[in-house]
Number of protein chains: 2
Amino acid sequence: MNPDIKRERENATFDVGKLTNILDQGQEKTKRRREIESLVFKDPDFNEQDPNFLSRSERYDQAVRKSAQMILKLREFGIADPEEIYHYKSCVHPDRPSPLDLHLAMFLPTLLNQATAEQMDRFFTSAWNLEIIGTYAQTEMGHGTHLRGLETTATYDPSTQEFVLNSPTVSSIKWWPGGLGKSSNHAIVLAQLYTLGKCHGLHAFIVPIRDMDTHEPLPGIVVGDIGPKFGFNEVDNGYLKLENVRIPRENMLMKHAKVEPDGTYLKPQSAKLTYGTMVFVRSMIVGESARALAKSCTIAIRYSVVRHQSEIRPGEPEPQILDYQTQQYKLFPLLATAYAFTFVGHYMTKIYHRITGDINQGDLSELPELHALSAGLKAFTTWEANSGIEVCRMSCGGHGYSRSSGLPDIYVEFTPTCTYEGENTVMMLQTARYLVKSYRQAREGQQLSGIVSYLNEPRDRRVQPQAVAARPTVVDINDLSSLVEVYKLRAAILVEMAARSIQQELQHRKSPEDAWNGSAIDLVRASDAHCHYVVVKVFADKLGEIGDTAIHSVLSTLALLYAMNGIAKNSGDFLKAGLLSVHQVLQTSVRIKELLAQLRPNAVALVDAFDIHDKKLNSVLGRYDGNVYEQMFEWARSSPLNATEVHESFHKYLKPLRSKL
Amino acid sequence: MNPDIKRERENATFDVGKLTNILDQGQEKTKRRREIESLVFKDPDFNEQDPNFLSRSERYDQAVRKSAQMILKLREFGIADPEEIYHYKSCVHPDRPSPLDLHLAMFLPTLLNQATAEQMDRFFTSAWNLEIIGTYAQTEMGHGTHLRGLETTATYDPSTQEFVLNSPTVSSIKWWPGGLGKSSNHAIVLAQLYTLGKCHGLHAFIVPIRDMDTHEPLPGIVVGDIGPKFGFNEVDNGYLKLENVRIPRENMLMKHAKVEPDGTYLKPQSAKLTYGTMVFVRSMIVGESARALAKSCTIAIRYSVVRHQSEIRPGEPEPQILDYQTQQYKLFPLLATAYAFTFVGHYMTKIYHRITGDINQGDLSELPELHALSAGLKAFTTWEANSGIEVCRMSCGGHGYSRSSGLPDIYVEFTPTCTYEGENTVMMLQTARYLVKSYRQAREGQQLSGIVSYLNEPRDRRVQPQAVAARPTVVDINDLSSLVEVYKLRAAILVEMAARSIQQELQHRKSPEDAWNGSAIDLVRASDAHCHYVVVKVFADKLGEIGDTAIHSVLSTLALLYAMNGIAKNSGDFLKAGLLSVHQVLQTSVRIKELLAQLRPNAVALVDAFDIHDKKLNSVLGRYDGNVYEQMFEWARSSPLNATEVHESFHKYLKPLRSKL
């Protein structure tokens, strides 16, 4: 092991293993996760070539091979728990998406939720046994987040009792679904249902797209891969153009809504039930933000103790770059964020399960709040993680730019989370809609429950958006619970300001819709402040659960850094509202520097606690043993352009050039 | 042409062609640039396959082919002016780096500047005729920006009158130089010179690395490609390990420093002269920041008027997404930034040439200021552009993630500018060193000249870092020159605060070096504020040169937006220092919304004025004609994974799986 990184580990003030257990939510879970990891990483059937050395087609090929293996092994080992399957899969395709993801995560679950008994008989077993390979085709070239805009049509023909599916425009071509391009032979297609001359909105249809035997596209089906992307190279995101494709009436998923043989449409009982999946997926993404940031911090912080550079004091050996204050300032707030988001991920899952329990008992009252929270936190955490990954990459100097660092891959695989499952700005505005509605209810005297209840607090406890330097300040900036309070007041004020902006726009005789659009910047800021408050609060609450003194101490420092850094970055908000004095804001900046220095000795231990296996990290810079440079050289030498000493282009172009000049 | 984008153009309030001339710095320059563009884009010898559809080796191959063609054509057409070569090259490899870049931009110029007459005879003509293909090997695996840390050695052996070059450690292996991996047969190697038992620091040596005829590596040379990167796929960035490689004494570049046959070392006359190149390259990078952002804004803004999505008013057709305030708020400040940086790029080039004139007349007095300015602005503009490109990409929804959007490529080709030619944080600290030094000189009563002269202004004109809400405010936030003044005061205060922080650290009995490191966060912020001030000032000054009323009007709006947006994002600074009142900051946010609405009708015309050829933009989303979706479908269908309807992996893995489950 590299002596620098060894010394870092010796200097840690807490038990890394215990913190790992906290992050895993229990010692048993850590144990089981590691068992699964070793099951995969020791299995020669999952050996792979470095995808960075392969062509796109080879990458897809390798991923299909491993996915097929995985299905076999999961059955062989009897692994069936969703969480365990998740761990297994994320080792087989180390944190990369795979061609069968949508089959497993969307096609099968949609059948379970929306297929009738007859349809289950007809499709589920084949799909379970991968004869039917399916995908979920919702997004079109012209529309994503705004579902009502989707243009694909499914028109019922009572004379043959079939639906006729069409892509009436170029922009209506299905676009992006994973596994659609090459892998799937079936697709659940979302289309506007027309029957008896009337449109009934979006419904789901099972459409065979390729021949079960030859895998050739069926008549009327134009299907293929949408071409290279920033990342997701293993996945055949596809297009699907439907030209008068006829499917039997029984291929509409009819557990909820129905079309009878004569074309009569029967409405579903409740539209709200499908919200659940959306909320679940968005909650999962919060956890992914935490993981992506945890990986990035692991790489950047480990490399920053191995790498020596420049000088602080003349004549002395080059210091570890983590000793530079600027490097700490780049990385430690992100480390704190990774911890914060991990705990927010746990929190989201917990309330998701609690509220799902309520829903199953017919109580939908908390669903809107959960929906708003998951939308906002999805946006808040993915944006933060997205920019944070790049800060980590650039903090590694030039080597961060090499594929061997692993950081470019983390970024390109993660960044779509800002867009998919609800575009982030749209998500923030959805949360804002809930906040403004709650604010108005509070103004009308309603008692709010749940996390927005702070909007109920008496107006005089909330400060006006006016700096009053002379106002007696009760905030203790060194006290986390005091900071939670300040974040709450900031959220309350920004919600109020957004609501007022709408009011002012309305007074200028604008329509409600234009008033909303004319206040959108304020609304997004309000949502952002709300989410920021939730994150700080969840982190602070988490500390209360931690018994181990040493861990409590270091996590408290992280939580304080997270909260203070947010204040420093948004100091205008706190000053404008008179929530903090200028002196306090200046003090915060000084305290941040002290917290950085305080965290420095535990930095490596804090990333070690994430316990990310080297094979998942996939980074020469972030290796557990710190032997960076030897491995980088090794990796480069084995890269494909070095397969021959002399590239053919020398003989083709460069040498002949001599005679021409 | 798409009717939406056509209507946008009809609604513009100014003459796009005239603005293009301003951006090109003259009508003649626009004309000549377009001539060169058409020369390349109509030349079938430069036809290329979409690099996104090729393997790395094929991309390299195609780039070498086109580079070789380019050399022939430049001579054929007699194009020799550096600016024209630049335009030509940026069309041949549309804004992509190429394998011969370092030969042309570093190897040849270094010979010109540092070779003796004898060396010119021996090397220059061969290099000019591409028999010798060279690169510039400075960076090592373990060291980049910090030159003194480089470890490669060149030890003089008087007995044979040779230098013996070695890579004594793994971390000393040369790493990153472009064209080193496969293309070059020579390298200018930077190495620590040892002679007569003494080290004389870094010097440059011409080292043959491959056989002139067979192109095989020479004895003692281990050379190859460093492997795949985030971008730069066309370039064979390489490694070079030297194992007792002997070169004749005459291969040391000896125009300045010398080693005599007996090993006597003769010092160069002035070390400062090499600064010039560094300053020049950094100034160029400022221009590249502008171009990268201009391209990204062109793509995002054009697509935002073609794309209709969701609804503002129920029942009405889907609006263009550029009508959403949030979309304007994402893109228009970046558009303003692209304009600002373009003008800063012009400004840098102008003062570079002025000061170089002075230097040639022996006047080095302005060099430190220029050096500090170019370092800071390089960091400031690349960081801003870097994050701005990604905002543009994500503002295009999912399609921004497709390689067909062109945006992933812009990002990966641009992002290294944050690291190379001086890592950005290091650059900011260099600028800060100059600022603090100037501040101290001013405190000691020295009269400063140049851009930092504001540090001389009487202390009482500069406000204390204390919010004094009651302070009479003279700032008119709607007046650009008033905002320039406010930015200046902010810079002055942040420089003062950084200097005070150092002072405080020193009082805690820290060494000067530790005090500096303990204030590094403040120092970076001070540099940032200084650069921000320069950018706002240059933009404001530029307006004074513009005669056309319509153009003056729209650029004034952009400049105001740029300045106000900076205030809104950094409002804490302005409030803390009491430079603006809370009321003014709140007013700024309101004004920003008005400016966005004001710019909306001219948005497409403002990006059209950048006049970026479709072949350089290389984006289905940003096409001039707005025919986005048809082209996207076309592009996808021609991508390699669609070469066959059925991918072989189906027969290899998926179909066989059925019998096993």
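Okay, here's what the table says:
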read-out	value
Local net charge near residue A:233, Cβ-Cβ under 9 Å (Lys/Arg +1, Asp/Glu -1)	+3
Amide proton proximity set for residue A:137, modelled H, under 5 Å, gap of 5+	A:188, A:189, A:190
Exceeding the 25 Å Cα-Cα cut-off - candidates A:42/A:295; A:18/A:615; B:182/B:616; A:593/A:616	B:182/B:616; A:593/A:616
Convex hull volume per residue for the range B:1-97, taking Cα atoms only, in Å³	132 Å³
Helical contribution to [θ] at 222 nm, DSSP H n ≥ 4, -39,500 (n - 2.57), averaged over the protein assembly as shown, rounded to 500	-16500 deg cm²/dmol
Residues whose placed amide H lies under 5 Å from that of residue B:157, excluding near-sequence neighbours	B:162, B:163, B:164
Per principal axis, descending, Cα span of the range B:279-435 in whole Å	72, 25, 23
Cα-Cα pairs of the range A:104-233 separated by more than 20 Å (percent)	47 percent
Rounded to the nearest 20 debye, dipole of the range B:128-233 from Cβ charges on Lys, Arg, Asp, Glu	400 debye
Projected area averaged over orientations for the range B:575-661, convex hull of C-alpha atoms, nm²	13.8 nm²
Check: chain A dipole with +1 on Lys, Arg Cβ and -1 on Asp, Glu Cβ, in debye	1360 debye
Fraction of the pair-distance distribution of the range A:31-175 above 21 Å, Cα-Cα pairs, percent	58 percent
Whole-number Å³ per residue for the convex hull built on Cα positions in the range A:166-250	107 Å³
Sites residue B:169 and residue B:387, calculated FRET efficiency, Cβ-Cβ separation with R0 45 Å, nearest 0.05	0.80
Residue B:545 versus residue B:34: modelled label distance in nm, points set 7 Å from Cα along the beta carbon direction	2.2 nm
Per residue Cα convex hull volume in Å³ - calculated over the range B:346-464	151 Å³
Other-chain or far-sequence residues with amide H under 5 Å of residue A:180's (modelled H)	A:238
Euclidean distance of C-alpha centroids, the range A:63-103 and the range A:327-349, integer Å	28 Å
Pseudo-label separations to other copies for residue A:319 - Cα-to-Cβ vector, 7 Å, nm	5.2
Isotropically averaged projected area of the range A:492-629, using the convex hull of Cα atoms (one quarter of hull area), nm²	12.7 nm²
Charged-residue dipole, Cβ positions (Lys, Arg, Asp, Glu), the protein assembly as shown about Cα centre, Debye nearest 20	1940 debye
Values of log10 I(q)/I(0), in the order q = 0.19, 0.20, 0.28 Å⁻¹, for the range A:396-439 under a Debye, Cα-only, solvent-free model	-0.66, -0.68, -0.89
Proximal aspartates and glutamates to residue B:258, defined as alpha-carbon separation beneath 16 angstrom and excluding residues fewer than eight positions away on the same chain	B:118, B:157, B:162, B:250
Rg(Cα) / (2.2 N^0.38 Å) computed for the range A:298-387, rounded to two decimals	1.72
7 Å along Cα→Cβ, label-point gaps from residue A:161 to other copies, nm, shortest first	10.1
Average projection area in nm² (convex hull over Cα atoms of the range B:118-173, one quarter of hull surface)	5.5 nm²
Vicinal HN-Hα couplings computed from phi for the range B:355-362 (Karplus, 6.51 cos²θ - 1.76 cosθ + 1.60; Hz; Gly/Pro x)	6, 4, x, 4, 4, 4, 8, x
Calculated from backbone phi, Karplus (6.51, -1.76, 1.60) coupling profile of the range A:189-206 in Hz, x at Gly/Pro	9, 8, 9, 6, 8, 10, 8, 6, x, 10, 8, 10, x, 6, 9, 9, 10, 8
log10 of Debye I(q)/I(0), alpha-carbon scatterers only, for the range B:491-552 at 0.16, 0.19, 0.26 Å⁻¹	-0.59, -0.70, -0.95
Residue-wise HN-Hα coupling along the range A:11-18, computed from phi with Karplus coefficients 6.51, -1.76, 1.60 (Hz; x: Gly, Pro)	8, 5, 9, 9, 8, 4, x, 5
For the range B:568-611, alpha-carbon Rg relative to the globular expectation (2.2 N^0.38 Å, N residues)	1.59
Calculated label separations, residue A:353, copies of the chain, 7 Å along the beta-carbon direction, nm	6.9
log10 of Debye I(q)/I(0), alpha-carbon scatterers only, for chain B at 0.07, 0.09, 0.10 Å⁻¹	-0.54, -0.88, -1.06
Angstrom value of the Kirkwood radius, inverse mean 1/r, which spans all Cα pairs in the protein assembly as shown	32.9 Å
Lys pairs under 21 Å by Cα in the range B:464-587, provided they are eight or more residues apart or on distinct chains	5
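Taken together, the values in this text are just the output of simple stated rules run on the coordinates, not laboratory data. Here the structure is a predicted model, which is why all the values come from computation and not from measurement. Every residue, glycine as well, gets a Cβ built from its backbone with ideal geometry; the counts of neighbours run over all protein chains shown.
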